[in-house]
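Trainee: Pasting in a structure now, in structure tokens, and then I'll have a few things to ask.
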Amino acid sequence: RKEVEQDPGPFNVPEGATVAFNCTYSNSASQSFFWYRQDCRKEPKLLMSVYSSGNEDGRFTAQLNRASQYISLLIRDSKLSDSATYLCVVNSRYNFNKFYFGSGTKLNVKP
Amino acid sequence: DGGITQSPKYLFRKEGQNVTLSCEQNLNHDAMYWYRQDPGQGLRLIYYSQIVNDFQKGDIAEGYSVSREKKESFPLTVTSAQKNPTAFYLCASSGFEVSNQPQHFGDGTRLSIL
């Protein structure tokens with residue numbers, strides 16, 4: 001079983017829509033959680049860390065559910081520029097320096 | 001500006017040739033990483049280093065080698081033993097033993113076979 005699993009998509013949504021992605025992780029010792037954004041043929045860039053109580057950054061909201069071992073990312077009022085692949089990343093409390101990446105969820109925002 | 005610099009941006013390898021990809025960071029991070037990404041696929045860990053003069057194999061280390069002689073530098077050599085080296089190579093760094101420290105990435109090197 002993969003450490004981190006994501007629905008590959010693509011999610012095709014119109015501008016202005018709200019879209020949500022989930023990501024499940026298999027290791028209950030996972031300690032830190034992140035969402036990255038990766039544009040085509042570019043490096044991943046940190047979108048936001050995910051905190052236990054959930055957190056928001058503008059149109060983006062991240063949630064953590066430790067009991068069910070998943071994290072989510074909600075994007076409100078989607079923009080064309082939000083089109084990208086969103087990567088879920090976790091690491092373990094036993095080795096903060098080992099990161100596990102999901103394969104990514106592709107989002108296409110259409111005019 | 002602090003960041004991670006990878007060079008070259010594009011690299012071509014001939015059959016039987018070893019090539020070295022450069023990665024330098026000025027973020028004062030202890031941990032550094034190399035990943036490989038194939039088209040339409042996720043990132044796979046090749047090697048990582050938590051401290052100078054120490055490194056560990058990742059999931060796909062065969063055909064690759066690394067060194068960590070300086071904190072700022074973590075070069076990756078793609079050897080002739082790596083039969084399918086064409087991919088996008090990403091270097092990353094992070095703080096050491098600090099919870100909730102994310103990784104930061106360089107802008108990558110695209111390697112192709114001639």
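Trainee: Near the amide H of A:Val50, under 5 Å away, which other amide H atoms are found, from residues 5 or more places off or on another chain, if H is placed in the peptide plane?
Mentor: A:Phe33, A:Phe34, A:Trp35
Trainee: Let me have the relative contact order for chain B, percent, based on Cα pairs under 8 Å that are six or more residues apart. Each step should come with its number before you reach the end.
Mentor: Working: 293 pairs, mean separation 39.5, N = 114.
Normalised by residue count, the contact order of chain B is 35 percent.
Trainee: Take the residue pairs B:Lys9/B:Lys83; A:Lys2/A:Lys106; B:Lys14/B:Lys70; A:Lys2/B:Lys57 and return only those whose Cα atoms are more than 27 Å apart.
Mentor: With Cα atoms farther than 27 Å apart: B:Lys14/B:Lys70.
Trainee: Label points 7 Å out from Cα along the Cβ direction at A:Ser53 and B:Thr20: separation in nm?
Mentor: 4.9
Trainee: Right, next: Can you work out the Karplus-derived ³J(HN,Hα) for every residue in region A:98-106? Use 6.51 cos²θ - 1.76 cosθ + 1.60 with θ = phi - 60°, whole Hz, and x for glycine or proline.
Mentor: 10, 10, 10, 9, x, 7, x, 10, 8
Trainee: Please compute the net charge surrounding A:Lys42, taking Lys and Arg as +1 and Asp and Glu as -1 over other residues with Cβ under 15 Å from its Cβ.
Mentor: Surrounding charge for A:Lys42 is +2.
Trainee: Just checking the output field for A:40-50: average partner chain Cβ neighbours within 10 Å of each residue's Cβ?
Mentor: Working: counts 0, 5, 5, 13, 10, 3, 4, 1, 1, 3, 1.
Across A:40-50, the average partner-chain Cβ count within 10 Å equals 4.
Trainee: Could you tell me which Cys residues in the protein assembly as shown have no other cysteine's Cβ under 4.7 Å from their own Cβ, answering none if every one has a partner?
Mentor: So, A:Cys40.
Trainee: Need one number: % antiparallel among DSSP beta bridges in the protein assembly as shown, to the nearest 5.
Mentor: Details: 72 of 80 bridges.
Given both bridge residues lie in the protein assembly as shown, the antiparallel proportion sits at roughly 90 percent.
Trainee: What is the distance in Å between the Cα centres of region A:36-63 and region B:1-73?
Mentor: 24
Every number here is computed from the coordinates shown, using simple stated rules; none is lab data. Just so it is clear, the model here is predicted, and its values are computed rather than measured. Counting neighbours? That spans all protein chains shown, and the Cβs are built from the backbone with ideal geometry, glycine included.
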